[in-house]
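Undergrad: One structure follows; several queries about it will come next.
Values quoted throughout were computed directly from the atomic coordinates according to the rules given, and no laboratory measurement underlies them. Computed from a prediction, not measured in an experiment: that's the story for all the values here. A quick note on method: Cβ atoms are made from the backbone with ideal geometry, for glycine too, and the neighbour counts reach across all protein chains shown.
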Ligand SMILES: Cc1cc2nc3c(=O)[nH]c(=O)nc-3n(C[C@H](O)[C@H](O)[C@H](O)COP(=O)(O)OP(=O)(O)OC[C@H]3O[C@@H](n4cnc5c(N)ncnc54)[C@H](O)[C@@H]3O)c2cc1C
Ligand code: SF4
């Protein structure tokens, strides 16, 4: 039974079914998985450290585990390793839990088919909405909206509900949330707990340095939870220290503040060290205890019970088409500084810099800084997806791809978003202090100090003026564009072309 790196779940459905006297669990550290996209060292290290901890726990509990460590076997990919084991052992069946990656599932199915080994793929009980339940909810609708899914999830789980009515009488507290910090900045932000690597994790870090020395990112600050116990400590610290101000500053960014009031729980959730049920329950309990107000708690629950479950449903519904989607036909390469942070654009330097240091950036940094720029610079969606999958410790295909291709790049033409998420440098100026330390001016769309984000934003508006004018959610955005004189339009187009030609030197 294969156990994948994002299935480190004590409730893994195959565990309950196996016969400990004859069945075996197989873990593989495959170099090809880390190099399929050019993975951040911390992402590889987190998977290895957490896999090793889980395997050790299973061995201690009496399970038969075969663990193929990096450097100790000849198999480049998971598929190679599975084929070798299937050929050697000729098992009478393989039982697996649904992988988080369409490609991995297809490969497992192919490998078992080649050896005529029956394969049972069990639903993943970690999620609060199964793939079948999502498909039934979505029906044959061509456009899906998270808000309706989220309300449906609230009703069926009873989370933050008073009978049939949402707690506090409202489904959505966005009006109270999502403020900037103002001129004074964030003040003192409680630091998230750090989990100093133990001997096993230090060994995993050393293996990553040995086998992936040229990969991006640093390991110096590695302090992610790698066991369920640590993940629960991280959850408790978040609920106590940061949840009360989570919603209000959810979208705000500030120089030198990589984490803000965010939970940093995505990696622990995605590796299945934590269950979404317990995360949601802990947040709701904080509200019941009066430790956090409803706006903060609803804002957080919306992310876990709403967005996280929703994008998983979208992924399985829209794959494999989503992987090839390219609504705008964009083909540009990703600017090189996405891999180094070496750019004069302060917003990008900050966001990419903290990503390389920690393997982390919060949602608005991913969506409205790096994502916005990739869309405006006409980057091919698949290049952007590869970068996000590589760069973040929490990256697994089912969650990364819909967020990147669907939400940030609009590559699916708006399957679950009502408009492209685009903004000029003025948005960054409002939501952060990045612009005050920048060589560029967010208000300028032409001239020496023209902000590349602003220039490319205006080009996007002019390129798609007619379509955007027809959509009530974007009509306002293009109203100003309609007033531009012909000369200004030409100047914006010329400034944008200059940016395209020197994109790696911005
Ligand atoms: C381009 C892009 C790529 C992304 N790639 C990933 C990815 O590979 N893995 C990943 O887990 N998230 C991804 N996200 C979603 C989101 O940015 C991260 O979940 C979040 O920033 C993780 O930080 P946190 O744990 O501090 O989250 P918090 O802000 O504290 O939110 C709480 C939890 O809600 C969930 N969540 C919040 N937003 C989303 C969302 N849009 N989709 C799914 N779950 C959500 C996460 O599990 C998160 O831990 C991506 C977003 C964008 C725009
Ligand atoms: S001026 Fe433009 S490039 Fe500079 S930080 Fe602001 S948005 Fe980013």
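Undergrad: Place the peptides 451-464, 17-30, 128-141, 100-113 in order of packing, highest mean first, counting for every residue the other Cβ atoms within 10 Å and averaging per peptide.
TA: Put in order of decreasing packing, that is 451-464, 100-113, 17-30, 128-141.
Undergrad: OK, next. Any chance you could run the full-extension gain for residue 475 through residue 60? It's 0.36 nm times the residue separation minus the Cα-Cα distance, nm to one decimal.
TA: Computed gain between residue 475 and residue 60 is 143.3 nm.
Undergrad: While we're looking at this one, here's another question. What order, most packed first, do the peptides 211-222, 254-265 have when packing is the mean number of other Cβ atoms within 10 Å of each residue?
TA: Put in order of decreasing packing, that is 254-265, 211-222.
Undergrad: So, R0 is 30 Å and r is the distance between the beta-carbons of residue 444 and residue 175; what FRET efficiency does that work out to, to 0.05?
TA: Efficiency, from the Cβ-Cβ distance: 0.40.
Undergrad: So how far apart, in nm, are the two label points at residue 10 and residue 278 if each is 7 Å from Cα heading toward Cβ?
TA: 0.6 nm
Undergrad: Then there's this: Using only Cα atoms and rounding to the nearest 10 degrees, what angle (0 to 90) does helix 102-114 make with the longest principal axis of the chain?
TA: 30 degrees
Undergrad: Can you tell me the 0 to 90 degree angle between the C-alpha axis of helix 78-89 and the longest principal axis of the chain, rounded to 10?
TA: 10 degrees
Undergrad: Residues of region 57-83 with amide nitrogen under 19 Å from the 7 Å Cα-to-Cβ point of residue 203?
TA: Counting only backbone N, you get 57-74.
Undergrad: Ok, one more. Rounded to the nearest 5, what is the percent of antiparallel bridges among the DSSP beta bridges in the chain?
TA: Antiparallel bridges: around 15 percent, rounded to the nearest 5.
Undergrad: Moving on to the next point. Given the C-alpha centroids of region 106-140 and region 1-54, what is the distance between them in whole angstrom?
TA: First find each Cα centre; the distance between them is then 17 Å.
Undergrad: Calculate for the chain the 222 nm mean residue ellipticity that helices alone would give, adding -39,500 (n - 2.57) per DSSP H run of length 4 or more and normalising by residue count, nearest 500 deg cm²/dmol.
TA: -13000 deg cm²/dmol
Undergrad: Assuming 0.36 nm per residue, please report the length gained on full extension of the stretch residue 110 to residue 18 beyond their Cα-Cα distance.
TA: Stretched out fully, the residue 110 to residue 18 stretch lengthens by 30.9 nm.
Undergrad: While we're here: Taking Cα atoms, how many degrees apart are the long axis of helix 381-391 and the longest axis of the chain, rounded to 10 and kept between 0 and 90?
TA: 60 degrees
Undergrad: According to the square roots a ≥ b ≥ c of the eigenvalues of the Cα gyration tensor, what is the shape class of region 336-505, taking rounded for a/c under 1.5, prolate for a/b larger than b/c otherwise, and oblate for the remainder?
TA: Oblate, because a/c is 1.5 or more while a/b does not exceed b/c.
Undergrad: With label points built 7 Å along Cα→Cβ from the Cα atoms of residue 214 and residue 502, find their separation and express it in nm.
TA: Computed distance between label sites residue 214 and residue 502 equals 3.0 nm.
Undergrad: Based on alpha-carbon centroids, what's the gap between region 178-229 and region 254-271 in Å, whole number please?
TA: Cα centroid of region 178-229 versus Cα centroid of region 254-271: 10 Å apart.
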